[in-house]
Amino acid sequence: MLLLLAIILFIAWILGFVAFHVTVGLIHLLLVFAVIALIWHFVAGRRATA
C-alpha cells in the first residue's frame, strides 16, 4: 500500500514538475512524501496478522 502511494506521489511530482512546469516549492513536497512513504514501506515491511 505504501509502495503504491510512493509511486503515485512520485509520478505526480514528475508530471507537476516537468509537464506543467510548476516551479512552486510545494510540488517538491510530493517528492518528500513519496520518499517518506517508500522508506516507511521498506522499514515497516509486512506485518504478520494473527
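The values are calculated or read from the model by the stated rules, or taken from the named source; none is laboratory data. Everything numeric in this text was worked out from a predicted model, so none of it was measured. Using ideal geometry, Cβ is built from the backbone for each residue, glycine included, and neighbour counts are taken over all protein chains shown.
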Checklist entry - Can you tell which of Phe10, Phe42, Phe33, Phe17 is of a type in the set (Phe, Trp, Tyr), modelled with pLDDT under 80 and out of contact with any Cys (no Cβ under 7 Å at 6 or more places or on another chain)? => result Phe17
Next on the checklist: Against the condition within 11 Å of the chain's Cα centre (by Cα) and modelled with pLDDT under 75, how does His28 come out, does it pass?
Outcome noted: yes
